[in-house]
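Right, one structure below, let's go through it.
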Amino acid sequence: FTDPKTILLEPEKTTLFIISPEKNITEDHTIMLKNFLGSGGTVVLMDETGKINPILEELNIGVKIEPYQIMDPLYYYRSWKLPKITNINPTSQTTKNVTNIATNIPSAIKIENTQNIKVLAYTSHFSYMDLDGNEQPSKEDPVGPFPIAVEKSYGEGKIVVISDSSLFINSIIELGDNKKLLKNIVGEKKAIVDSSLWNPSAHSRLKAFTQQAYNIISAPEIKYTL
C-alpha cells in the first residue's frame, strides 16, 4: 500500500492496483498512470460502485461501471449476492486455467467502445441487475449475462477492469479460482496497491500521529531534555 507518485516505479516489473477510490484523481496522477502504462506497466482497476468511472474516463478506456448489484439465483456461492462466474475467456493469459470466479456483490461493466476490449468473464444468463435494490428479480431488472472483467492493451502496458473490489479479500480469495486469477494478473511482477486515492481512516491517522510524535521525541535534543 503506497502512493505511487512518491516512489520510483519500474513499469515492466510492476502491477498497480487501484481499488474503490474515494478521492478524485488529479491531473498529475492521470499523467503518471498514462506514463506507467505506456512504459509497459499493468494497471488493475477494481470497483463496483462507479467511483472509479472518472479514472476510466480519463484513461479513455471505453468502459464504465454500472453501480447496481448483480445477483444470480442459480450460480452462486453461499448466497445470490456472491455469483459464481463460469463464463471465462480461455484465450487470455489473465484467465489462463481459471474455470470459475467467486464474486462478492459485483456490478456490471458497460462497454461503450468495443475497440481493443477483450471480455475476460461474464455472469450467467440467470443473473440480473438489481435496479430497485430489493434483492429479488423484478420485471424491470435487466438480465444477464453481464461482463464483470475486461482487459485492454494500453501503449506497451495493459489495463484490467474488474467490477468487484472484493475478489481478493481473505473471505473470498479461497473460493473458486480467485487466487489463480490473482497470480495470473500479477505474474512475476511486484504488486502495489495505490492507497493515495483513499481517505485516511481514524486508525491510520492515529498511526501517522504516533509515528510523527515518536520521531520528534527520538531527536537527540528532545531525548536529552527529557
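General remarks:
- Helix-only [θ]222 nm of the chain, DSSP H runs n ≥ 4, -39500 (n - 2.57) each, per residue, nearest 500: -6500 deg cm²/dmol
- Here the Karplus relation 6.51 cos²θ - 1.76 cosθ + 1.60, evaluated at θ = phi - 60°, turns the backbone of the stretch 90-95 into coupling constants of x, 8, 9, 5, 4, 10 Hz, with x for every Gly and Pro.
- 3J(HN,Hα) couplings calculated from phi for the stretch 39-56 with the Karplus curve 6.51 cos²θ - 1.76 cosθ + 1.60 (θ = phi - 60°) are, in sequence order, 9, x, x, 10, 10, 10, 10, 10, 5, 10, 9, x, 5, 8, 4, x, 5, 4 Hz; Gly and Pro show x.
- DSSP-defined antiparallel bridges as percent of all bridges, the chain, nearest 5: 60 percent
- Per-residue Karplus couplings for the stretch 121-135, computed as 6.51 cos²θ - 1.76 cosθ + 1.60 with θ equal to phi - 60°, are listed in order as 7, 10, 6, 7, 5, 8, 6, 9, 8, 7, 5, 8, x, 8, 6 Hz, Gly and Pro entered as x.
- At most 16 other Cβ within 10 Å, DSSP loop - trypsin sites (Lys or Arg not before Pro), the stretch 10-91: K23, R78
- Taken along the Cα-to-beta-carbon direction at a fixed 7 Å, the label points for E22 and K96 span 3.7 nm.
- Using C-alpha pairs below 8 Å separated by at least 6 residues, the relative contact order for the stretch 1-120 is 21 percent.
- GNM flexibility winner over the chain from S195, S127, S92 (Cα, springs under 10 Å): S92
- Under 5 Å, built H, 5+ apart or other chain: amide partners of Y76: K84
- Of all DSSP beta bridges in the stretch 1-129, antiparallel share, percent nearest 5: 70 percent
- Computed over the chain: relative contact order in percent, which uses C-alpha pairs under 8 Å that are six or more apart: 26 percent
- Prolate/oblate/rounded call for the stretch 62-113, Cα gyration tensor, a/c under 1.5 rounded: oblate
- Hypothetical label at L74: residues of the stretch 109-133 whose amide nitrogen lies under 20 Å (7 Å Cα-Cβ projection): 121-131
- Choice from S163, S171, S79 with maximal GNM fluctuation in the chain (Cα, 10 Å cutoff): S171
- The amide H of N100, built 1.01 Å from its N in the peptide plane, has D177 as neighbours under 5 Å, considering only residues 5 or more places off or on other chains.
- Listed pairs K64/K118; K152/K179; K158/K189; K118/K152; K96/K179 exceeding 18 Å between Cα atoms: K152/K179
- Most mobile of T114, T14, T103 in a GNM of the chain (Cα contacts under 10 Å): T114
Every read-out reported here was derived from the displayed coordinates using simple, explicitly stated rules and does not represent laboratory data. Predicted model, so just to flag it, every value in this text is computed and none were measured. Neighbour counts are summed over all protein chains in view; Cβ atoms, including those assigned to glycine, are modelled from backbone coordinates with ideal geometry.
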